[in-house]
Amino acid sequence: MMQDSRTDGARRPATPGIVPIAVIAVLAGALLPGCEPQETRPVQYAMPSIVEAPPTGDPVPADEGLPGTWERTDAVEPPGRLFVVTPEGEVSGGVLLVHGSWGVNEDVRTLAREIASRGLAVVVPDVYDGLVLTTRLAERDALAGVDGERSLALLRAAADRLHRLPGLEQARLGVLALASGAAWAMRFSENSDDIGALVADSALLTDDAAPSHEVPFETMLLVGELNRSLGPARIEEMRRGFESTGSALTVASIPGAGTDLLDPRAFGYSETSRPEALERALSFLEERIGLEAGAS
């Protein structure tokens, strides 16, 4: 039994109603004009997430029994991590996969493996540093917590990791950006000289995702034909934004699809439309990157 802290050791008598009275006092202080509680505390929201530090030594498997490892990069401070998948056979090109709102979750890692199955090496920079969201409620806080300069440096570390693979030392790379990752991908790509093509999933493509100056690479925008947020007027506006800088934009309309085309967690996602969206994206990249198309 809990005892009172008084030195005489006497038990404190029970006081019926003290808890309800305290609650009423707090509410009165919060609601009545001129009355303020003695102490106010901000409401704490628990972020639904999984946070993991980068490996301290050798790469570690990301998913047991499946290709792909987590690797540490000290090119950013604090150190970050990369998800790396290489094909079993000869490497025909390299793709920088930029995750969207959820982080590097199982769906993103599965997508990276699908890309690698075509002979392309894939590196996914973990911009969220281990944070994996499970609801949209925490998305704004997660995005606000991303340091812009550090995220660009992390994308550069991922590109450099691809260039260390045999045969890709001088090759141009492809970039595939999911949803909100399009803005990071464009900012990185327009200031890099080793990007051959960029593909952006359309869902959360922001106003600043168009290049700020002329770029040598081509960009493809994947758009679900049922995506009402990207109607003809908005797409035409995007075209003008690219044309104003002398940059090339291709728009690929995917039948039967809504918003995010490659993200199974997104509203409007269509499992039947995903294969066509992925094929259009990878074919576009493969034609413009790799050992033959991108050697410089």
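Tally time: how many residues in region 255-275 are surrounded by 15 or more Cβ atoms within 10 Å (Cβ to Cβ), among the polar types (S, T, N, Q) and at pLDDT 80 or above?
1
Return the residues of region 149-177 that are within 13 Å of the chain's Cα centre (by Cα) and either part of a helix (DSSP H, G or I) or surrounded by fewer than 15 Cβ atoms within 10 Å (Cβ to Cβ) (or both); say none if nothing qualifies.
151, 152, 154, 155
What are the residues in region 194-213 that are in a loop (DSSP other than H, G, I, E, B) and modelled with pLDDT of 95 or more, if any?
Keep residues of region 194-213 that are in a loop (DSSP other than H, G, I, E, B), which gives 194, 202-206, 210-213.
Across region 194-213, the qualifying residue is only 194.
Each row is one residue, and each column tells you yes or no for (1) of a type in the set (Asp, Glu); (2) farther than 22 Å from residue 261 by Cβ.
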site	(1), (2)
58	yes, yes
65	no, yes
69	no, yes
82	no, yes
107	yes, no
117	no, no
134	no, no
137	no, yes
141	yes, yes
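What pairs can you find where one residue is in region 239-263 and touching a residue at least 40 places away in the same chain (Cβ under 8 Å), the other is exposed (fewer than 13 other Cβ atoms within 10 Å of the Cβ), and their Cβ atoms are less than 7 Å apart, with a gap of 6+ or different chains?
259/267
Out of everything in region 276-296 that is of a type in the set (Gly, Ala, Ser) and surrounded by 15 or more Cβ atoms within 10 Å (Cβ to Cβ), what residue ends up being modelled with the highest pLDDT? Steps first, answer last, please.
Filtering region 276-296 for residues of a type in the set (Gly, Ala, Ser) gives 277, 281, 283, 290, 293-296.
Imposing the further condition that a residue be surrounded by 15 or more Cβ atoms within 10 Å (Cβ to Cβ) reduces the set to 277, 281, 290, 293-294.
Details: 277: 92, 281: 96, 290: 66, 293: 51, 294: 44.
Step by step, filter region 276-296, then rank; the result is 281.
Could you say whether any residue in region 272-284 is within 30 Å of residue 92 (Cβ to Cβ), assigned to a loop (DSSP other than H, G, I, E, B) and not aliphatic (A, V, I, L, M)? Walk me through how you get there before you give the answer.
Filtering region 272-284 down to residues within 30 Å of residue 92 (Cβ to Cβ) leaves 272-284.
Restricting the remaining residues to those that are assigned to a loop (DSSP other than H, G, I, E, B) gives 272-273.
The next check asks that each one be not aliphatic (A, V, I, L, M); those that pass are 272-273.
Checking region 272-284: at least one residue is within 30 Å of residue 92 (Cβ to Cβ), assigned to a loop (DSSP other than H, G, I, E, B) and not aliphatic (A, V, I, L, M).
The values are calculated or read from the model by the stated rules, or taken from the named source; none is laboratory data. Keep in mind that what you see is a predicted model, and the values were worked out from it rather than measured. We place every Cβ from the backbone using ideal geometry, glycine too, and count neighbours over all the protein chains shown.
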